[in-house]
Each structure stands twice: as structure tokens, then as C-alpha cells.
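I have placed the structure first, in the form of C-alpha cells, so that the comments after it can refer back to it.
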Amino acid sequence: MLGSVIAIAGCASNRNAPTDTLAQSEPQQQRSPFMPASFLQNTPLISENQSPYQRDDPSRTADSLIDELEDALQLADVNQQKERQIGDVGLSGQTYSEVAQPRNATELPENFRDLTESEMLSIAMANSPVLRPLGIRILENPDAATTLLDPAIAQSDPFFGPDAALSAFDSQLSAGLNTQNNDRVFNNTILGGDVQELTQDFSTANAGLRKQTISGATINLGALHQYDNNNRDGNRFRNYWETQYEASIRQPLLQGAGRDFNLIAGPNARPGFNFSNGIVIARLNVKMTETDFEIEVRDFVRDLYTAYWGLQQQYENARNIHVAKDLAYQTWQSVLARRQAKLTGGEANKEAQARARYYGFVRQLQTALGGDAGQTGLYVSERNLRRLMGLPIVDHQLLRPIDEAPTVRFRFDFDNLASRAIGQRAELTRQSLRVQQEEQRLIASKNFLLPQLDMIGRYRMRGFGDDLTGGGERFASAYKDLFSLDHQEWEFGVEMGVAAGRRQAHAAVRNASLQVRRERSVLIEQQRTVRHQVADAHAEVASSYAALEASMAQVDAASERLRASQVQFKADKIQIEFLLEAQEELLRAQTQLAGDVARYAISLVNIGTVGGSLLDDVGIHIHRGCCGNQLIYAGQ
């Protein structure tokens, strides 16, 4: 464990004792925890093509003092492993080794869970009721979060959704039943119907059906039944029934007329209210919500790949630093042995310089694992990937990407890529829907420039009788009289109205025209922006691959320099400064290579992002349902 101090018998001074016990193990006897398990099985321990950090030169341990130091360090390491197995007991009775704890820079990675790209996407799609892009701050701004339920919520909006717009054309049924008993005295018998004191039983039953058609017409059907029993002297019957059936229609001829207008604006629309209750507008709003959801899913997948390759880069950096630290320790111990043997090359300044370089690598490893100000460490990157995938933040196993990043050259045709992006980018699709929406509003706004001219018609049938049903002479029953068609009434006419100047209507048309021009201008600018993004992504692929090739060549050159410096240092032909500089140069080259590998992999992902084909490329489909969307990963 980093930071533990081990007293080593036989050392000339305690200040020379290393603080990292795990660094003392011989690299050739155990694999680095950053390497896949198959690395040492498939790769010879000594190979001319292998990095000098992975080679083992027996001459380095020829000195007996170094052997004694390594034996003592291995013994101390075994004791520490036993202490770890004992563990500290917590309040719950479990040892801390049994309870998963967040990892920090004081412990090296172990207990890995190998993760492929397919597994990452499959787990993330199954565990994402709320999409978790890296930039969202869900605690501070929960309304900005995107969930699988958002499109269904927009679809089912009871005020502005498609069903709410369609409900304006639903048939409306109404019915009523009223009965009353009247006992009233009149001062004037004329007012009482030739009686001074009126006694009456009166009942009314009615039913009606109202329908708003898509052409703008309003149709009403109604039925009315009345029963009246009173003591008026002039009555033919003491009690009687009256029934009537009526049908009426009001059809706009100019303003408010037409299928297109009513689909866009809906019934009872007014200028300047954006026609939020129109079926066409409501459906376009839902499509824009679905497009927004697709954009969020695409960005979420892009962030997943960015975190995946970023974590792989962190593993590679930590592995390189760990190997460099082991080599720096061996160099330090070699100089220390020369100093204790009072040989050339063991001067105090050289021993201190080698020791400082070793502890510098220890600090770099801590930073690579736990991070530092402005730098993300391996454990932070691993937790970020866990958060994106919806996994527990703390686990006994560390996620370790095992898919190899692409290192072959990819070439893309710019014109084909740009054309495909113009047709597939979700942002352009959404803006096109906005343009269509404003164009539809302009069409509806122009309708209000017309005067109101409505055609009205009404037809009524009446029946009267002593009873409601039955047979007999005329007026024996109300239904018999009704179906005799002796009492028919009708009404036909037109009504007109117009506002002088129509200022509100003209303002609405002018505003809608400006909105159309604005959205079209935004669409054109978005298309230009997409082409710029495609150009940048296209150039980034070529640039990152060129950087990758240069970094590979730099690593090869730095490796050769280190091997030559090691040989010359053992032969006392160069000073230790040149050896330490060669070690540092190789580490810098390997760190740069790891960054360039991740950069090239992310640049290929970005090609799919700016081209609008990322979800199709990786095999992710959005299944839309009435109770929410579902993300389906069909990739292999």
C-alpha cells in the first residue's frame, strides 16, 4: 500500500527505505494489474519487440545487497497482505474488506470486470429510465433531465396534445329532466290564463347531440317532451303532451371554413394565440419532442463511448507509470548498492536524484489513479462510466475496457458525409418541423382576414296530444300527431360580421410571416453549421490518425533509446541523468500514445454523431409506446 513505511534490516539508513511496498515485486514474476490476464500468457517475458519496462535483465539483481533488499520487501509485502485479510471490523460486524468502499489513490487496481462495447451499450440501454449525459446537473436542474417517458407525456398532454386537439371534434351529448308544481294567484285573470288561482304540474324532458365537423360546421340535434296539467278554463285537455324534434346547422363560408384551417387552428380559434389546439400543430409538437429525445439518446451514446475510451486511456497511463515506477526503483536500488559498496556511480547526489525520480513516479501514479486538480484519475473515470451505465457507483470489481481501440486508417468521402448529415441530423429534422409549424400557422392566420359569413339552417317537427302515445282521433297522442307531419317548421339564412380595419388579423399575419422567415433562416444557418461540423470531424479523423502514427514512432524511438541507455549505464559510459531522462521520455511518449489512441477512437464516434447515423451504426433503436419509449440495443 502506498504510504506505508517498512523498516528493512540491513539498510544503511531508514530514509532510503521505499514507501511503496507493492513496487518491490519483480515485474517478471507477476503481471501488472493493468494488463489483461492473457498478456503474460501470450507474450514472452523477454522479447526484442517488447517495451523495456516489461523486460527483466538478470544483471540488475546481481548485487547481493539488492537481493537482500528484495527479500525483505517481499516478506514485508506478505505480512501486509495478511493484515489486509484480517481487516478492520465495522459497526455492522462486517470487515471493511467485505463492504465495498470507494477506491482512492492509496490502493492499486484489482478485481476487474472486463467490459466490451456491446456489454456497455446493452447494460446502459437497459438501466436508463433517465438519460445521464455527462453535462447534466440533475440535482440543481431536474427539469432538464430527459426520461423515457417524455415523448409519452407530450403525447398525452390533456391541454395541447393530439388527443386534446381531437376532443374538440367529439360529439357532445346532453340530456335533462325537470318537473315542477305551481300554485299561484294572479290579480289579473288575463295574466293567469282566465283563472284567478293557477294550479299546475309541469314536466320537461330533453336530449341533444352536438357535433363539430372538420369543415367548421356545427350540427345540433335535439328532442323535447313537455307535460302540462293545469286548471286554465280555455284548455282543450286538462292535461296534455307536447313533443318536438329539431335539427340545426351553422356552416362558416369564409372565416373559419375549410378542412385545412380547422385541422391547423381547431374550432373557436382566435388570431394571435398560435393555434395550440389544432391537430396539425399538436402532432408537430409531439414529433419535435420525439426528435429531442432522439438527440438526447444520441448524445448519451456518444458520452458512453467517450467515457469508455477515456477509461481505457486511464488504464494505459496508470500501467505505464506503474511499470516506469518499478524500473525507477530498480535504478535507485542499483545506485544505492554502488553507494554502499563505495563504487563509482554511487555518489550521494546520484542516489538522491534516482530516489527523487522514483518518488516522482509514485506521485504520478497516485495522480493517475485518484486524479488531481484539473486531471481526472482512473477511479473517477471508472465511476463516471458506472454512473452512465446505471451501475452501482461502488462495487468490489473495477470496470476494465477490453475492446481494442481502432488503429487502422479510415477514410471518408466529405461530400457524401455532408449530404448524409443534412438529411439525417436530428437537429435539422427538428428545425424543419418548426418551419412546417410556422407555415401552417401562417395559412391559418390568413383565414382571419376574411369576413365572417355563416349559413344557418333549422328544421323542426312538432306533435301535440292528450297522451304521449296511443291511437285515436287527432290530438289523441303527441307521437301520432308528430308522425303525421302536420306541424313542420324551418328556418334558413346567413349571418355576416366584419371588424373595421381588421388590425388584429393583419398583425397576426405579419407576425406569422416573420416567424416563418426566422425559422427558415435558422434552418439554413443550422445546415451551414452541420457542414462545418462535418468538415471538422472529417479533418479530426485524419489529424488524429497522423498524431497516432507519430506517437507510435516516438514510442519506438524512446524504447530504443532507453535500451541503449541501460546498456551504456551498466558499462559506466553515461551518467545516471541520461538514463533517468530516457525513462522519463519513454513515459511521456507512452502517455501521449495512449491519449492519441483514445482521440482517434473518439473521432470515429464523432463522425457518426455529426453525420446523424450514430444510433444506426451501433444498433440502437427507439421503440415508441403509449406508456413511454424503450431503448433496444440490437448490436453484436
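Assorted remarks:
- Listed conditions (1) part of a strand (DSSP E or B); (2) open to solvent by less than 70 Å² (accessible area, probe 1.4 Å) are all met by P151, apart from (1).
- Of the candidates S381, S484, S445, the single residue that is of a type in the set (S, T, Y) and under 24 Å from S122 (Cα atoms) is S381.
- Evaluation of I249 against the conditions (1) part of a strand (DSSP E or B); (2) open to solvent by less than 50 Å² (accessible area, probe 1.4 Å); (3) closer than 30 Å to Q452 by Cβ shows that the sole unmet condition is (2).
- Residue, most open to solvent (accessible area, probe 1.4 Å), within the range 237-246, restricted to residues that are of a type outside the set (D, E, K, R) and under 22 Å from R460 (Cα atoms): Y245
- Scanning the range 331-380 for residues that are outside any helix (DSSP H, G or I), open to solvent by less than 30 Å² (accessible area, probe 1.4 Å) and touching an Asp or Glu at 6+ places or on another chain (Cβ under 8 Å) yields one hit, G345.
- All conditions but one from (1) among the acidic types (D, E); (2) outside the structural domain of D415 (by the TED database); (3) surrounded by 18 or more Cβ atoms within 10 Å (Cβ to Cβ) apply to E540; the one that does not is (2).
- Residue match in the range 309-319 (condition: closer than 30 Å to G256 by Cα and open to solvent by 10 Å² or more (accessible area, probe 1.4 Å)): no
- Remark: L173 matches the filter, which requires a residue to be in contact with a Leu (Cβ under 7 Å, 6 or more places away or on another chain), open to solvent by 80 Å² or more (accessible area, probe 1.4 Å) and either over 19 Å from D292 (Cβ atoms) or in the same structural domain as N206 (by the TED database) (or both).
- Qualifying residue in the range 223-236 (condition: surrounded by fewer than 17 Cβ atoms within 10 Å (Cβ to Cβ), assigned by the TED database to the domain that holds Y459, within 18 Å of L173 (Cβ to Cβ) and not basic (K, R)): yes
- The residues of the range 463-495 that are among the β-branched types (V, I, T) and closer than 30 Å to Q452 by Cα amount to a single one, V494.
- Only one entry in R441, R411, R383 is at pLDDT below 95 and within 22 Å of N317 (Cβ to Cβ), namely R383.
- Among the helices (runs of 4 or more DSSP H) confined to the range 381-483, the ones with at least 3 residues that are in contact (Cβ under 8 Å) with a residue 24 or more places away in the chain, open to solvent by 20 Å² or more (accessible area, probe 1.4 Å) and farther than 30 Å from G258 by Cα are located at 414-424.
- Any hit, the range 490-499, residues being in contact with a strand residue (DSSP E or B) (Cβ under 8 Å, 6 or more places away or on another chain), crowded, with 17+ Cβ neighbours inside 10 Å, in a strand (DSSP E or B) and not assigned by the TED database to the domain that holds G612: no
- Which listed residue is out of contact with any Ser or Thr (no Cβ under 8 Å at 6 or more places or on another chain), among the aliphatic types (A, V, I, L, M), over 24 Å from G423 (Cβ atoms) and exposed (fewer than 15 other Cβ atoms within 10 Å of the Cβ), from A601, A546: A546
- Count of the range 371-380 residues which are touching a Ser or Thr at 6+ places or on another chain (Cβ under 8 Å) and in contact (Cβ under 8 Å) with a residue 40 or more places away in the chain: 1
- Among the residues making up the range 553-581, those that are surrounded by 15 or more Cβ atoms within 10 Å (Cβ to Cβ) and closer than 19 Å to N317 by Cβ are Q554, V555, A558, S559, L562.
- Scan of the range 216-238 for residues that are modelled with pLDDT of 90 or more and part of a strand (DSSP E or B), ordered by number: T218, I219, N220, L221, G222, A223, L224, H225, Q226, Y227, D228, N229
- Count of residues meeting criterion [charged (D, E, K, R) and either touching a residue at least 12 places away in the same chain (Cβ under 8 Å) or in contact with a Phe, Trp or Tyr (Cβ under 8 Å, 6 or more places away or on another chain) (or both)] in the range 484-506: 4
- The number of residues in the range 227-267 being among the acidic types (D, E) and closer than 23 Å to Y479 by Cα comes to 3.
- When V516 is tested against (1) under 21 Å from R434 (Cα atoms); (2) loosely packed, with under 15 Cβ neighbours inside 10 Å; (3) not charged (D, E, K, R), exactly one condition is not met: (2).
- Boolean, G595 is without any contact (Cβ under 8 Å) to a residue 24 or more places away in the chain, assigned to a helix (DSSP H, G or I) and either assigned by the TED database to the domain that holds A537 or among the aliphatic types (A, V, I, L, M) (or both): no
- For the range 267-310, taking the residues that are over 21 Å from S513 (Cβ atoms) and modelled with pLDDT under 90, the one that is nearest to the chain's Cα centre (by Cα) is identified as N277.
- Which listed residue is part of a helix (DSSP H, G or I), closer than 19 Å to T306 by Cα and assigned by the TED database to the domain that holds D150, from A535, A547, A589: A547
- Verdict on S613 being modelled with pLDDT of 90 or more, among the small types (G, A, S) and surrounded by fewer than 19 Cβ atoms within 10 Å (Cβ to Cβ): yes
The values are calculated or read from the model by the stated rules, or taken from the named source; none is laboratory data. Quick caveat, the model's predicted, so the values are computed rather than measured. No Cβ is skipped: glycine too gets one built from the backbone with ideal geometry, and neighbour counts run over all protein chains shown. To get the accessible areas, we keep the full protein, side chains included, count just its heavy atoms, and leave off ligands, DNA and RNA. Shrake-Rupley method; radii C 1.70, N 1.55, O 1.52, S 1.80 Å.
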